[in-house]
Amino acid sequence: YEMTRSRLDVERAQQPARKRRTNYRKDGYHHGNLDAALLEIATRLIDEEGVGAVTLRRVAEKAGVTATAAQHHYGDKEGLLRAIAAVSFKDLLSTLTNASKYSEDPEANLRSVAGAYARFAVAKPERFRFMFEAGYLDPNLSPVSANLGLGCFDVLRLTVDRYLGRHVVAAPLF
C-alpha cells in the first residue's frame, strides 16, 4: 500500500498543475437575496450612466455572480428592465402618497405633491426618463409598471381634484 501510494504521489507531482475555476470570485456577492442585489445594481447603473449601461453580464459581474444567475432571475435584459421600472414606479407612488398626506389644505397639498414629483425627477433624471419613455406604462408590455404608473397618476389627479374642488376628467392614457 505504501509503495502504491507514494508512486501515485510521484505521478501527480509530475503532472502539470490543474487550472482553478476562474468563474469563482472570493470577493463575490453571496447572500439570500440576489434578486434585490441585482435590482439595486442595475438601478444604480441607470441612475449613474443611463439605461444603455445595463446588461445582464455587467450587472451579474458587479454582483459577483455569473450572467446565468442573473438570467435565471429575469430571463433577459428586458425582464430586468421591467423589474426596475416596476420598482421605480413603486418608489414614485410611495413618494407621492406620502406627500399627499402633508396637509388638509388643498393648495398646500398640491404644492407638496407637485414638489415631490419634481424632486424625484430631478434627483433621478435618467431613471425618470427611462420610466416614462420606454413603454413601461403600456399594460400590454408591462402590466405591473402600468398599474403602479396609474396609481401615481391617480394621486396627482386626486390632488388636483381637491385643489379645484371638482373632479377632473382625464383622457385615457392608452
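The values are calculated or read from the model by the stated rules, or taken from the named source; none is laboratory data. If you're wondering where the values come from, they're calculated on a predicted model, not measured in any experiment. Don't worry about glycine lacking a Cβ; one is built from the backbone with ideal geometry, like all the others, and counts go over all protein chains shown. These area figures cover heavy atoms from the full protein model, side chains too; ligands, DNA and RNA do not enter into them. Shrake-Rupley method; radii C 1.70, N 1.55, O 1.52, S 1.80 Å.
Structure data summary
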quantity	calculated
Selection count, the stretch 44-74, where residues are open to solvent by less than 20 Å² (accessible area, probe 1.4 Å), assigned to a helix (DSSP H, G or I) and under 19 Å from Met131 (Cβ atoms)	4
Selected residue (only one of Ala83, Ala108, Ala116 is open to solvent by less than 20 Å² (accessible area, probe 1.4 Å), of a type in the set (Gly, Ala, Ser) and in a helix (DSSP H, G or I))	Ala116
Scan of the stretch 122-142 for residues that are within 15 Å of the chain's Cα centre (by Cα) and assigned to a helix (DSSP H, G or I), ordered by number	Pro125, Glu126, Arg127, Phe128, Arg129, Phe130, Met131, Phe132
Any hit, the stretch 14-22, residues being open to solvent by 90 Å² or more (accessible area, probe 1.4 Å), under 18 Å from the mean Cα position of the chain (by Cα) and at pLDDT below 95	no
